[in-house]
1. Once the principal axes of the Cα atoms of region 272-343 are found, what is the range along each, listed largest first in whole angstroms?
2. Quick one: divide the alpha-carbon radius of gyration of region 294-440 by 2.2 N^0.38 Å and tell me what you get.
3. Please give the net charge around ASP19, taking every other residue with its beta carbon less than 13 angstrom from that of ASP19, where Lys and Arg add +1 and Asp and Glu add -1.
4. Fewest first, what order do GLU393, GLU418 take by the number of other Cβ atoms within 10 Å?
5. Going by how many other beta carbons lie within 10 Å of each one, how would you line up GLU366, GLU289, fewest first?
6. Average the reciprocal distances over every distinct pair of alpha-carbons in region 164-208, invert the result, and give the Kirkwood radius in Å.
7. Select from PRO44, HIS333, GLY215 the residue farthest towards the positive end of the dipole of the chain; place +1 on Cβ of Lys and Arg, -1 on Cβ of Asp and Glu, and compute about the Cα centre.
8. Listing TYR198, TYR172, TYR72 from the residue with the fewest other Cβ atoms within 10 Å to the one with the most, what is the order?
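What follows is calculated from the coordinates using simple rules that are stated; it is not laboratory data. Everything numeric here is computed off the predicted structure, so don't read it as measured data. Note that we place each Cβ from the backbone using ideal geometry, even for glycine, and neighbour counts take in every protein chain shown.
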Amino acid sequence: MDLWEETLSMLRHSVEPYDFRHWLMPVTCAEVDAADHKIVLQVPDESHGRWLEDNFVTEIKDILRGLTEQDYSVSLTANDAPHAEPRSASISVSAQPAPPPEGLTTRYRFDSFVDGPMSQFAMTAAAAVADNPGSRYNPLFIFGGVGLGKTHLLHAIGHAAYDRDPSLRVRYVTSETYVNDLIAAIRNDRMQSFRRRYRDECDVLLIDDIQFIAGKDRSQEEFFHMFNTLHSSRKQIVMTCDQLPQSIPDMEDRLRSRLQWGLIADVKPPGFETRVAILKRKAEVDGVELPDDVAMLLARHIKRNVRELEGVLMRLDASARMMRRLIDLDLAHSVLGDLLNDHLRRVRPDMILKAVCQEFRVTLAEMKGPRRQRTITVPRQVAMYLVRQLTDESLPQIGSHFGGRDHSTVINALKRVEMLREAKPELASRIDKLTRQLRD
Ligand code: ADP
Ligand code: MG
């Protein structure tokens, strides 16, 4: 592991998962100067750099000090800076002279993506798009739950398209960055350069988590026109989303229909064998010795999300290093005891529904029925949320316990409860109480 990878793996434990993914994972190391105690990090764009500077640089320095016992200076270079010289990582293993296209994470390539039956279709479509951008599947719309490899595939398309044809201008942004760029452009009266950036100077546009532009009128409007321009000049557009176009709430109809023009491919949670393969690949890449029986133990219990699998592997690796011992079943049990037990302890959906009905004084029939009064919708959404938290059920399975509601209703319920949890501490504590009660 190089110094930045090591720093990242420490940050992963201390930073909120969302922040980690959004702000830190896209950062690559451009240079480490061990003699001068200097590290140069490459960020997708200037605004990303500013944010990093304001929020993470102190912590990054602390970690570097912990790892090297030296005070490192951290400088940031943006891919979109006017004179940014692309640099290759100084401790890079592969001989890859070409600079990566804007904003792409080096690790997210097709060859590091473990192909399984549940993601085969999306992977094949992504590979076809990278081979021949702007032709057959345009736009490509990849959707699926969190931590299932959507962002990974999106970056992989960018790398592969660029590797095939380095003259291609590949642009990767999260839709949040897109929205922020737009707001900045409006405020600074720079719409022309905004449009040039996204419409003219772009052959492959990769937009991550498109659902964030829902409900934002001006962004949708601008996106709509950009989409039309790119599409009619046969430029490739690839989007990821946490749900199907037709299920995204607050999305303009004309835009929704554009999202459905091309190919829609989903990624689903990988099966057991794929989970084992992912763990082994990951261990190999990170130089972690992971025995088969431990890989299987982890894969048996952590089912829903690849990011969680990776997190567990890192935790195990960190403990093994700290205790200076090898990873084995004993260590896995002692380090991950609670987590594995949590996954083992079976809470059934019917137990959850019953507990929520009692807590909120509604009947099971009301919970499953069509009524939409707040006194019933809130408990119904809380119950869906708890089923999601405490069982391995898929979204459609969860919906089926509530009078056959579909997965998008469940997604919206989960989001709503997340929001209510923040806004209403007394509801949050009722939910926590229910969680404890159900787990014991
Ligand atoms: P999403 O965007 O769907 O939330 P990510 O693409 O960020 O998920 O994936 C989460 C993590 O899991 C990443 O580190 C990614 O590399 C890894 N991952 C997901 N699916 C696979 C896979 N099939 N093979 C290898 N790694 C994977
Ligand atoms: Mg993602």
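1. 30, 28, 19
2. 1.22
3. Result for the local shell: -2.
4. With the sparsest Cβ surroundings first, the list reads GLU418, GLU393.
5. Lowest to highest Cβ neighbour count: GLU289, GLU366.
6. Roughly 11.1 Å, rounded to one decimal.
7. GLY215
8. The fewest-first ordering by Cβ neighbours comes to TYR72, TYR198, TYR172.
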